[in-house]
Amino acid sequence: MNDEDLGTYQPLTYFQMMEVSLRELLVEKGVITEAEVEQAMGEIRARSPERGAKMVARAWLDPAYKARMLADGSKAAEELGFEVPGLRLIVVENTPETHNVIVCTLCSCYPRMLLGLPPDWYKSRNYRSRVVREPRAVLEEFGTKIPDGVAIRVHDSTADMRYLVLPMRPAGTESLTEDQLAALVTRDSLIGVSLPNRHR
C-alpha cells in the first residue's frame, strides 16, 4: 500500500473481517484453495439479472409455471436449471392493486444466484432505512410513480430467505417470444424499484 492508497483506505467492517478470517482458515486447513475461492468469486461477479428475467418471461407465457413459481420460487428456479442452494426463494407478484419492493434492512441479502451482485444503492443505509418508512417517496426517486390507489408492500430479506418480484407484463407484448420478453425485464424491476421496459 502506498501513500496515495492511505487516503482512500477504509477499515473492514465486522462482516468483512469475519469473511476474511473464515476464508483464510479454510485455506489453511486445506478445505478449499485460493484458486477455488477466486473461481467461485469470478462466477458470482459474472452473473447478471438474466436468470431472474428468464423466470419472469416464462411466467408471463406459462400460467402453470407462474403458479408453481408463486408457490415455491426455489423449485421454479431449479426447473430452469438455476440452483438456489440452501435458500428459500419467495416470488411476490405485482398486480393492478399491489406493488412489491424488496429490501434487506439488516445487511444486503439479495438473490445473487438470479440477479448477480447487488447494486451499491441496495446496500446503502439510506435505501435500507427509507424504503421501509416511505416506499412511495423512494420509488419516485427512482422515477417510478405508483398511483395512490395501489398498495405498496415492502419485503425484508433474511439470511435464509430471498425475494424476487414478478412484475406485471407490459401492454402490447402479446406477440413477443420468451427471449424478447426477458429482454424487457430489468434488475430494478425484479427488485421492485422500477417497472419493466416497454416494448417499442
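The values are calculated or read from the model by the stated rules, or taken from the named source; none is laboratory data. The structure displayed is predicted, hence computed values, not measured ones. Glycine also receives a Cβ, built like all others from the backbone with ideal geometry; neighbour counts cover every protein chain displayed.
Against the list (1) out of contact with any strand residue (DSSP E or B) (no Cβ under 7 Å at 6 or more places or on another chain); (2) part of a loop (DSSP other than H, G, I, E, B); (3) in contact (Cβ under 8 Å) with a residue 60 or more places away in the chain, the condition VAL193 fails is (1).
One residue stands out among those in the range 147-162 that are closer than 25 Å to GLU83 by Cβ and not charged (D, E, K, R): the one that is surrounded by the fewest Cβ atoms within 10 Å (Cβ to Cβ), which is ALA159.
Restricting the range 25-54 to residues that are outside any helix (DSSP H, G or I) and basic (Lys, Arg) leaves a set whose member that is modelled with the lowest pLDDT is ARG47.
Please list, ordered by residue number, the helices (runs of 4 or more DSSP H) wholly in the range 88-171 having 2 or more residues that are in the same structural domain as VAL56 (by TED's automatic domain parsing) and among the β-branched types (Val, Ile, Thr).
On the way: elements: 112-115, 120-123, 125-133, 135-141.
Correct list: 125-133.
When VAL165, VAL132 are checked against the criterion of being surrounded by 18 or more Cβ atoms within 10 Å (Cβ to Cβ), under 27 Å from LEU106 (Cα atoms) and touching a residue at least 24 places away in the same chain (Cβ under 8 Å), a single residue qualifies: VAL165. Among residues of the range 1-29 that are within 26 Å of CYS107 (Cβ to Cβ) and surrounded by 10 or more Cβ atoms within 10 Å (Cβ to Cβ), those with a beta-carbon under 7 Å from a residue that is among the acidic types (Asp, Glu) and at pLDDT 65 or above at least six positions away or on a different chain give the pairs VAL27/GLU34.
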